Structures are given as structure tokens and as C-alpha cells.
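The values are calculated or read from the model by the stated rules, or taken from the named source; none is laboratory data. Everything quoted here is computed from the prediction, not taken from an experiment. So basically every Cβ, Gly included, is an ideal-geometry build from the backbone, and we count neighbours across all protein chains shown. Accessible surface is based on the protein model in full, side chains and every heavy atom, while ligands, DNA and RNA are left aside. Shrake-Rupley method; radii C 1.70, N 1.55, O 1.52, S 1.80 Å.
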Amino acid sequence: MSYISKEEKEYLIRELESELHAKLDGPRKNLIVPICPYCGKSGGKFGIYVGKEVGNKKLFVSHCFSCGHTTKDINQLLDDIGRPDLKIIEKASFDPVQIPEFFGLEEDEIDDELSIIDMPESWKRCYHNRYLQSRGFVYDDYEYFPVGTTRGLNWKFDDYVIFPIIDNGDTVGYVARHTWSKEAIDQYNQTAKRNGKYQIRRYNNSTDNDFVKLLYNYDAVIEDETDTVIIVEGVFDVIALTRKLELYDNTRVAVVATFGKKISDTQIYKLQSKGVKNIIVGYDSDATDAINKTAAQLNEYFDVTIAKIISDGKDWDEMDFWDIYDTFAYNLTTPVEFKLNTLDEKIKCN
Ligand SMILES: [Zn+2]
């Protein structure tokens, strides 16, 4: 790459962004192009490196992880996309060129295709429910987080509250939570087992979908507007945190659930493709190994911090406003700090 001023570089990035509908990734090192100009494949498999030139990572090298096309010369790319007017004067370089890691996902296909599913028969939204009331639900929760029951008309879902998982307005899955306590369910199941009767499951979720491709509350992440996302484990954590931090109408910060203490490449891609920059990991603090792993995974694409829950043994659902306030005010750590702390604690314990 020849000499190009900062202004020229930024101008070219802006032009490529609008010409190719490209977007900078979280660390602003790559332009992710939704449709490959060479093979026409969609899904953001074509990337243009715009980070610092390090070693043989050259500015404006582009590569498609679908068709494998690499273009080392920006002027060639500009010709190929029909924008020769943007060409820059370049000195020939014979340095070997390294293909940058765009997603760190390389050839793996990112499969983010979802199927639309039906809610259980007789499911109907509700705006008052005794069980949810006992878990602190307020009017806004029912309004922002659709939930319903089958009203005694579908025995498979008797005593369940059922939350649709919505993605771009479509229902792509559901989470059904039994309203009895764990103890009550266990007790019932012991008797049921002896009598050869049907066992109650605490969760009775949809099965025609792959939860690793879903995020609960994903539509609250608004493209190019939401820059910070707090990831938590489950539906109730999302709702509790949204309520306690009053995030209902906050378009810059959203809470989403990954359905457990881990995140998949598809889920990362879903957040990245909406232009999210900062991720706060809000998993249960005792899951230190899972947190370290997830944080390291996310750290390649986002600025990551970890919310170390202050009141031990509680999850978001059970914490009061001040516990949560303290967590966000005083207990956000970087992945490295968190890892060091957990090592410290392990040493102390042993
Ligand atoms: Zn391609």
C-alpha cells in the first residue's frame, strides 16, 4: 500500500460504506460488506481490512469467505465495483499479503436462518398473571415483553407462562416456564413417577428451532442506534434488568438473553450486524469459567466489560435497585481484570 493520508483513508471508507452498504465491525478494523461483489452471496462474508497496517496485514485487502476471492489491490476492487473514480495512486508492492481475520470465523458458514413457529394451541397474551406478579412484573413488562398462557385449554401447557421469542417481528420460538416452585415440581414428579404418570418439566420450550441462533429481546437492539448490549442468561433476567434499570424506551442500551451462559457465532454475528459496539456480560457471577470464555470470544468483536454481580448468590431477578446500581457503578471490570480476579479467588480457595 502506498502513502495515503488519514483524510483520504476516511473518505474512501465512507465511500465504500455507501457504495457497498458496508459497515465497520465492532473494533473498527474491517468493513463488512453484506453482499459479495464477486459471487453475490449475502450474509456478510466479504470483508475489507481497514485497520492499522501491521506486518503483512495490508490496508484495503478484501476477501470473501464464501467464494474465496481475494483482492489485494484496492484499485482493482474499485474497478470491479464500478468506482474507478475513487482509485488512488499506488506504488507497486511485492510483499506477501496475509488475509486478515474478519470474523475469526473463516470458512464456517454463519447460519442465521430462522423458521417461524406457531405458539402452542390456545395461547393468548395476558396482562395480569398471579405468578408473574409474584416475580415483580409491572404493567410495562406485559406491554414490552409479550407473555401469555393457554388458559386451561391445552393440557400440555397447564400452569405454564409462555414467552414468544420474536425476531424482526416474527415468532421464532418460545420459552414456557412452569409456575410451580422447583420443590413442588420435584415432589409432584416423585409421586407421578411411582404411579407411571406424566412428569412435569420446569421448562417446556419450543423444539422446532435452534436456540443457539436466537436472542431473546433481539428486536430491542436497533440498528446503528443501540451501541451497548447487556447479555444475560434468560428471559426473566432480561425483563428484571430492563425494569430495574428503566431501559424500556432506551434505544442506546438493550438487554438480551443468550439462553444460557454461552454465546454462539450466530448470536455474535446478529449483534455485530446491527452495529453494536459495547457488550456487558451479565451472567451469574459464580459462572466464572463460562464468563471468561464468553468474554474472550466477544472481545474480538466488541468492547467487553463484565458486570460482577455484587450481592452474592442472587441473580438479576432477585436484586433490588441499589444492588444493581452498585454493580453498574462500581463493579464493571474488563475481561482481563475479571480473569485475574477469578484466578486470585481460586488461589485463595485452594
Ligand atoms: Zn464471494
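Among the residues that make up the range 201-217, is at least one of them over 19 Å from residue 129 (Cα atoms), touching a residue at least 40 places away in the same chain (Cβ under 8 Å) and assigned to a strand (DSSP E or B)?
Checked against the condition, which is being over 19 Å from residue 129 (Cα atoms), touching a residue at least 40 places away in the same chain (Cβ under 8 Å) and assigned to a strand (DSSP E or B), the range 201-217 yields at least one hit.
Looking only at residues in the range 239-267 that are of a type in the set (Gly, Ala, Ser) and part of a strand (DSSP E or B), which one is nearest to the chain's Cα centre (by Cα)?
257
Out of 191, 179, report the one residue that is open to solvent by 30 Å² or more (accessible area, probe 1.4 Å), modelled with pLDDT of 95 or more and over 22 Å from the mean Cα position of the chain (by Cα).
On the way: 191 fails: modelled with pLDDT of 95 or more.
The unique qualifying residue is 179.
Return yes or no: is residue 200 closer than 25 Å to residue 282 by Cβ and among the β-branched types (Val, Ile, Thr)? Quick ask: steps written out before the conclusion?
Details: closer than 25 Å to residue 282 by Cβ: no; among the β-branched types (Val, Ile, Thr): yes.
Judged against the criteria, residue 200 is not a match.
So, residue 40, is that one among the small types (Gly, Ala, Ser), over 30 Å from residue 238 (Cα atoms) and modelled with pLDDT of 90 or more or not? Even if it seems obvious, please write down each step before you answer.
Numbers: among the small types (Gly, Ala, Ser): yes; over 30 Å from residue 238 (Cα atoms): yes; modelled with pLDDT of 90 or more: yes.
Yes: the conditions hold for residue 40.
Quick one: in the range 14-69, of everything that is among the basic types (Lys, Arg) and out of contact with any Ser or Thr (no Cβ under 8 Å at 6 or more places or on another chain), which residue is surrounded by the fewest Cβ atoms within 10 Å (Cβ to Cβ)?
52
Considering only the range 232-267, state which residues are without any contact (Cβ under 8 Å) to a residue 60 or more places away in the chain, open to solvent by less than 30 Å² (accessible area, probe 1.4 Å) and of a type in the set (A, V, I, L, M).
247, 254, 255, 256, 257, 263, listed by residue number.
Any idea how many residues of the range 114-144 are farther than 25 Å from residue 188 by Cα, open to solvent by less than 30 Å² (accessible area, probe 1.4 Å) and touching a strand residue (DSSP E or B) at 6+ places or on another chain (Cβ under 7 Å)?
Going through the range 114-144 one residue at a time, the tally reaches 2.
Give the range 303-317 a look and list any residue that's modelled with pLDDT under 80 and open to solvent by 80 Å² or more (accessible area, probe 1.4 Å), or say none.
312, 313, 314
State yes or no: is residue 229 modelled with pLDDT of 95 or more and open to solvent by less than 10 Å² (accessible area, probe 1.4 Å)?
Yes.
Restricting to the range 44-76, give me the number of residues that are in a helix (DSSP H, G or I) and within 15 Å of the ligand (Cβ to nearest atom).
1
Just the residues that are hydrophobic (A, V, I, L, M, F, W, C) and in contact with a helix residue (DSSP H, G or I) (Cβ under 9 Å, 6 or more places away or on another chain), please, taken from the range 173-213.
175, 176, 180, 200, 212
Please determine, by comparing only the residues of the range 77-91 that are over 35 Å from the mean Cα position of the chain (by Cα) and assigned to a helix (DSSP H, G or I), which one is farthest from the ligand (Cβ to nearest atom).
Per the criteria, the residue is 85.
Within the range 268-302, track down each residue that is open to solvent by 10 Å² or more (accessible area, probe 1.4 Å), touching a Pro at 6+ places or on another chain (Cβ under 8 Å) and either in a helix (DSSP H, G or I) or at pLDDT 90 or above (or both).
292, 296, 299 - these are the residues of the range 268-302 that are open to solvent by 10 Å² or more (accessible area, probe 1.4 Å), touching a Pro at 6+ places or on another chain (Cβ under 8 Å) and either in a helix (DSSP H, G or I) or at pLDDT 90 or above (or both).
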